[in-house]
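Accompanying notes for the structure given below.
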Amino acid sequence: MNRITIGKVLVNVQVNSRSSPYIVSLKTLVLEPVFVESRLMCRAIEEDKILTYSHSPLHSIRNSCRHYGHSFENAMEVAKKFLRKLHKPPIIVAYNYGGPIPFFPTLSPNAPDNIWIALHAVANVRSLNNACIIHLINGDEIKVNVSASTIYRQVALANWLEKDQIRKYQELSRF
């Protein structure tokens, strides 16, 4: 059992010691960096539980893309091309029966304190000085150190990317 700091509260967590990283699923809401004994790890918030893995959130996102049959680099390229956005675009990590599952970063994907949030996870956003609180669909809340307007923008971009991918899959069915 390890202790991690969440806000100002020390919490006991069980660290998954598997050598493989966390793979996102439809239950995944947030992939958040946490430091356990000075080591960067991934805290995966799911609809019904919280897990901690011994890899970074970016490592888990990269491996999730690979697990579902494409690459992180390809997901970034598709997003950047469609959104004409070079800095921290949302990406499609996986598809559920042709339906895209977008995640968006709060900061640069390579930043150690970047949080990845599933589009479907966001229930509401509340401004808090130079940060914001994101209310998740399971009733949990997370504080992120970016403005609410940044999160609103990321949600809008993720929605546009999702709609574009749905449109492309619908075009396939016409042939």
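Starting from residues that are free of Cβ contacts under 8 Å to residues at least 60 places away in the same chain and among the basic types (Lys, Arg), keep the ones in the range 69-111 and report whichever is surrounded by the fewest Cβ atoms within 10 Å (Cβ to Cβ).
ARG84
Consider SER149 carefully, then state whether it is surrounded by fewer than 18 Cβ atoms within 10 Å (Cβ to Cβ) and either more than 16 Å from the chain's Cα centre (by Cα) or hydrophobic (A, V, I, L, M, F, W, C) (or both). Walk me through how you get there before you give the answer.
Values: surrounded by fewer than 18 Cβ atoms within 10 Å (Cβ to Cβ): yes; either more than 16 Å from the chain's Cα centre (by Cα) or hydrophobic (A, V, I, L, M, F, W, C) (or both): yes.
Yes: the conditions hold for SER149.
Would you confirm whether any residue within the range 55-67 is open to solvent by less than 50 Å² (accessible area, probe 1.4 Å), touching a residue at least 40 places away in the same chain (Cβ under 8 Å), part of a loop (DSSP other than H, G, I, E, B) and closer than 23 Å to ILE134 by Cα?
Scanning the range 55-67 turns up at least one residue that is open to solvent by less than 50 Å² (accessible area, probe 1.4 Å), touching a residue at least 40 places away in the same chain (Cβ under 8 Å), part of a loop (DSSP other than H, G, I, E, B) and closer than 23 Å to ILE134 by Cα.
The values are calculated or read from the model by the stated rules, or taken from the named source; none is laboratory data. Keep in mind that what you see is a predicted model, and the values were worked out from it rather than measured. Glycine gets a Cβ as well: all are built from the backbone with ideal geometry, and neighbour counts include every protein chain shown. The accessibility values were calculated without ligands, DNA or RNA, using every heavy atom of the protein model including side chains. Shrake-Rupley method; radii C 1.70, N 1.55, O 1.52, S 1.80 Å.
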